[in-house]
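Q: Got a structure here, written out as structure tokens. Questions coming.
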Amino acid sequence: MIIVMKRSATKKELEKLVSKVKAMGYKPHILYGVERKVIAAIGDERGKVRLQSLETMGGVESVMPILKPYKLASRQAGGGQSLIKLEALDRGRSVVIGGDKFVVIAGPCSVESEQQILETAVAVKKAGAQILRGGAYKPRTSPYSFQGMEEEGLKLLAEARRVTGLPVVTEVMDPGDVDLVASYADMLQVGARNIQNFSLLKAVGAARKPVFLKRGMMTTIEELLMSAEYILKEGNSRIILCERGIRTFETATRNTLDISAVPILKKETHLPVFIDPSHATGHWDLVLPMSKAAVVVGADGIMVEVHPRPAEAFSDGSQSLKPETFKELMKELKPLVKLAGKTF
Ligand code: PEP
Ligand code: MN
């Protein structure tokens, strides 16, 4: 059930309600929507006093059942769109995701060297990217492919943040690495291959960092939302969902970008939604048209792979943009971002 608070509800009324929900044997989760606060009370109602009775308490506007299997991720529970604040660890720069800014995350697939990550970070910042990406732990199909620089890569990302002030996002693959990765990164990425690694989802749910959750190549939209639910249930509501293409019979592209996932997710959840046109297509020249589509369809941002010399990249060179092409992309997106009622 969700308990929707009145706009005028006081902190005291909220606290009283939370204690009451606990005393009745339910687990309360407070969701801070843009417009109002909502308490999601999770638990089986059988044999207990019904939550509907809370409608009589001070500050409560209504008590309603959540009909969807994803309770905390549902738009209803969030009380509208969520805004997620991402803060850079050392320089205090922050980016708000989910609001009227179209947020661009850019950087190489993998962190390869100090020179490569710094060169990329400076270039993408100059072109207008607000967040830097770079993989230090890489989920590669072949065990013989480059596996990432691990902690050394995390240190280089922290160095790139120090130089540019950009917050950084990087993938974590193992629940045992969450604390280490969170000590360097500003946002934790859960990749497509780990979307249903439930131990990892619980571990990032317990971390106090936002989570960039990528849809699996074989997961439905409902399964994506159920994975977000695992993270929310642990108390972490700062989640960004990312559509990065799904497997179909088509071979012309690496994956098939499920563009309709954006408006569907916008209807179903309060969590911000991104598109990754790089992994979705696998080809650098398809990144611009798919990025334009992302803006127009209502995504909150995009994640784009950029490499100073794609031909020499350790991973995903064929889908990586050169810095000058990325600059061009930012220029071309600008009027569309404005048309969508947003700013960079
Ligand atoms: C990545 O972002 O580098 C990555 C591996 O993406 P995905 O998990 O979507 O394949
Ligand atoms: Mn990649």
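The values are calculated or read from the model by the stated rules, or taken from the named source; none is laboratory data. Quick caveat: nothing in here was measured; it's all calculated off a predicted structure. FYI the Cβ positions are ideal-geometry reconstructions off the backbone, even for glycines, and counts take in every protein chain you see. Heads up: the accessible areas ignore ligands, DNA and RNA and are worked out on the full protein's heavy atoms, side chains in. Shrake-Rupley method; radii C 1.70, N 1.55, O 1.52, S 1.80 Å.
Q: I'd like to know if segment 148-159 contains one or more residues that are under 16 Å from Pro323 (Cα atoms), charged (D, E, K, R) and within 16 Å of ligand 1 (Cβ to nearest atom). Break it down stepwise before answering.
A: Taking segment 148-159 first, the residues under 16 Å from Pro323 (Cα atoms) are none.
No - not one qualifying residue is present in segment 148-159.
Q: Follow-up question, since we're still on this one. Answer with yes or no whether Gln189 is touching an Asp or Glu at 6+ places or on another chain (Cβ under 6 Å), assigned by TED's automatic domain parsing to the domain that holds Leu271 and not charged (D, E, K, R).
A: Yes: the conditions hold for Gln189.
Q: I would also like to ask the following. Inspect segment 148-164 for any residue being polar (S, T, N, Q) and either in contact (Cβ under 8 Å) with a residue 60 or more places away in the chain or in a strand (DSSP E or B) (or both) and give the result as yes or no.
A: No, segment 148-164 contains no residue that is polar (S, T, N, Q) and either in contact (Cβ under 8 Å) with a residue 60 or more places away in the chain or in a strand (DSSP E or B) (or both).
Q: Can you pull out every residue in segment 287-344 that is more than 16 Å from ligand 1 (Cβ to nearest atom) and not in a helix (DSSP H, G or I)?
A: Gly298, Asp300, Pro308, Arg309, Lys322, Ala340, Gly341, Lys342, Thr343, Phe344
Q: If Thr120 satisfies every condition in (1) within 16 Å of ligand 1 (Cβ to nearest atom); (2) farther than 26 Å from Ile275 by Cβ; (3) not in a loop (DSSP other than H, G, I, E, B) but one, which is the exception?
A: Unmet condition: (2).
Q: Looking at Ser110, Ser142, which is the one that is in contact with a Lys or Arg (Cβ under 8 Å, 6 or more places away or on another chain) and closer than 23 Å to Met173 by Cβ? Explain how you work it out, then say what you get.
A: Values: Ser142 fails: in contact with a Lys or Arg (Cβ under 8 Å, 6 or more places away or on another chain).
On inspection, the qualifying residue turns out to be Ser110.
Q: Here is a follow-up. Specify the residue that is farthest from ligand 2 (Cβ to nearest atom); the eligible residues are those in segment 201-210 that are at pLDDT 95 or above and within 15 Å of the chain's Cα centre (by Cα).
A: We begin by selecting, within segment 201-210, every residue at pLDDT 95 or above; these are 201-207, 209-210.
Retained after the next criterion (residues that are within 15 Å of the chain's Cα centre (by Cα)): 201, 204-205, 207, 209-210.
Values: Leu201: 21, Val204: 19, Gly205: 24, Ala207: 22, Lys209: 21, Pro210: 20 Å.
Checking each candidate, the answer is Gly205.
Q: Still on this structure, I have one more. Take Leu329 and tell me if it is touching a helix residue (DSSP H, G or I) at 6+ places or on another chain (Cβ under 7 Å), assigned by TED's automatic domain parsing to the domain that holds Phe249 and farther than 22 Å from Ser113 by Cα.
A: Here the answer is yes, as Leu329 does meet what is asked.
Q: Which of the residues that make up segment 258-285 are open to solvent by less than 30 Å² (accessible area, probe 1.4 Å), within 16 Å of ligand 2 (Cβ to nearest atom) and of a type in the set (A, V, I, L, M, F, W, C)?
A: Phe274, Ile275, Ala280
Q: Let me ask something additional. Of all residues being away from ligand 2 (no atom under 13 Å from the Cβ) and open to solvent by less than 20 Å² (accessible area, probe 1.4 Å) in segment 128-155, which is nearest to Leu333 (Cα to Cα)? Just the residue, please.
A: My answer is Ala129.
Q: Related question: Taking segment 302-333 as the search range and keeping residues that are acidic (Asp, Glu) and under 23 Å from the mean Cα position of the chain (by Cα), which one is nearest to ligand 2 (Cβ to nearest atom)?
A: Asp316
Q: In this structure, does Ser110 turn out to be closer than 29 Å to Lys327 by Cβ and of a type in the set (S, T, N, Q)?
A: Taking the combined requirement at face value, the residue satisfies it.
Q: Report, by residue number, each residue of segment 208-222 that is open to solvent by less than 10 Å² (accessible area, probe 1.4 Å), closer than 16 Å to Asn236 by Cβ and assigned to a loop (DSSP other than H, G, I, E, B).
A: Pro210
Q: Turning to a different aspect of this structure: Restricting attention to segment 232-275, report how many residues are among the hydrophobic types (A, V, I, L, M, F, W, C) and part of a helix (DSSP H, G or I).
A: Residues meeting the conditions: 5.
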